[in-house]
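One structure is given here, and the rest of the page talks about it.
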Amino acid sequence: MKSPLLGPLTLHMQLDQFPLVKPFQICGYTWETREVLTVTLTSGGKAGRGEAAGVYYKGDDAAAIMQKIYALRTTIENGISRQSLQTLLPPGGARNAIDCALWDLEAKLTGCAAWAIAGLTELRPLMTTFTCGADLPATMAQDACNYRNACAIKLKLTGSSTDAERVRAVRAARPDVWLGVDANQGLTRASLEALMPVLLETHVSLIEQPFPVGQEVLLEGFQSPIPIAADESVQCLGDLRSMTGRFQIINIKLDKCGGLTEGLAMARAARALGLETMVGNMIGTSLAMAPAFLAGQLCSLVDLDGPVFLKADRPNPVQYKDGLLTCPETLWGNP
């Protein structure tokens, strides 16, 4: 996957606001609007695009991403490859936006689709989860019913006493779907143990990030009958080895790790370490889902439902049908 040096380049950046259909709540955070940075790199009459929302719990928002990139504008415009980008910027939203734009531009300049450059033999539709934000149990149950064609649903939990009823209400409303829960660091060892009988009773298949970052040691020796996934605990390739023996699954997000280049490397390295992989998103438009869709080809779990929370999406958006996600060639990553 060695990439060519692309340049000289013209860099354009734009902050875009995408209002949500309704407020979206997780443990400790609520959003009504999603602000993302759209990056366009132009060379030889061709343009490549990338999008980043950043990592909210690290203060890595769209405005901060724009400042980081602007400080390196001259270096980037003089010419850059995906490999040199890995040392120019650390993992995070800024590197993600540039990296994905470089993938798109390389595809357009070379006439070779990004999936082929990535070493994939084909693109297949992916079954994705659809997320119910933390809310009243009855509201979450209705949200789950609104995902009429979903095959997999993920619930946001907060660590409150309401969590058990949230899970029960959604399972009663949707007995047919794969069900996972995501605590976004909101549980304790005691609250997880208390909730476990309900999770087993309702046939939950995944527990994502139960404990706060820094408390991963609580999982050592914890014999969970349900696989546990790391999200906030695993940011980039260098974090993988510390996940073994604690988590069974790692959640790869391009905004966390800094782009598709590292996301693909993480998926392949995790497999070698005996870890399953999941690809997720920070709520973004279809332009953010498209490169993540490539990473998802190497993952056993997919959570790429970000655009369904938006009142409006990009032109030529990804498609959701019968619980499956597909990405049109006209969106990103094709000549």
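The values are calculated or read from the model by the stated rules, or taken from the named source; none is laboratory data. Model, not experiment: these values are computed from the prediction. We place every Cβ from the backbone using ideal geometry, glycine too, and count neighbours over all the protein chains shown.
Take the conditions of a type outside the set (S, T, Y), surrounded by 18 or more Cβ atoms within 10 Å (Cβ to Cβ) and touching a residue at least 40 places away in the same chain (Cβ under 8 Å) and apply them to G119. Does it pass?
no
Looking across the stretch 57-81 at every residue that is of a type in the set (V, I, T) and assigned to a helix (DSSP H, G or I), the one that is surrounded by the most Cβ atoms within 10 Å (Cβ to Cβ) is identified as I65. Yes or no: D143 of a type in the set (D, E, K, R), closer than 19 Å to D303 by Cβ and not in a helix (DSSP H, G or I)? Taking the combined requirement at face value, the residue does not satisfy it. Restricting the stretch 284-335 to residues that are assigned to a loop (DSSP other than H, G, I, E, B) and among the β-branched types (V, I, T) leaves a set whose member that is surrounded by the most Cβ atoms within 10 Å (Cβ to Cβ) is V318. The numbered conditions (1) touching a Phe, Trp or Tyr at 6+ places or on another chain (Cβ under 9 Å); (2) not basic (K, R); (3) not assigned by TED's automatic domain parsing to the domain that holds D239 are all true for C151 except (3). Please indicate, with yes or no, whether at least one residue in the stretch 127-140 is more than 30 Å from C100 (Cβ to Cβ) and surrounded by 21 or more Cβ atoms within 10 Å (Cβ to Cβ). Yes: one or more hits. The number of residues in the stretch 1-26 being farther than 25 Å from T74 by Cα and crowded, with 18+ Cβ neighbours inside 10 Å comes to 3. Counting only residues that are under 18 Å from L310 (Cα atoms) and in contact with a Ser or Thr (Cβ under 7 Å, 6 or more places away or on another chain), the stretch 110-152 holds 1 of them.
Could you tell me how many of the residues in the stretch 175-197 are closer than 25 Å to R148 by Cβ and surrounded by fewer than 19 Cβ atoms within 10 Å (Cβ to Cβ)? Here the count works out to 3. A residue that is in contact with a strand residue (DSSP E or B) (Cβ under 9 Å, 6 or more places away or on another chain), modelled with pLDDT of 95 or more, assigned by TED's automatic domain parsing to the domain that holds Q235 and part of a helix (DSSP H, G or I) can be found somewhere in the stretch 129-139.
Would you please name the residue that is surrounded by the fewest Cβ atoms within 10 Å (Cβ to Cβ), looking only at residues in the stretch 33-56 that are closer than 18 Å to N281 by Cβ and out of contact with any helix residue (DSSP H, G or I) (no Cβ under 8 Å at 6 or more places or on another chain)? Before the answer, list the steps.
Here is the first cut: in the stretch 33-56, the residues closer than 18 Å to N281 by Cβ are 33-39, 49-56.
With out of contact with any helix residue (DSSP H, G or I) (no Cβ under 8 Å at 6 or more places or on another chain) added as a condition, the list becomes 33, 56.
Details: T33: 11, Y56: 16.
Top of the filtered list is T33.
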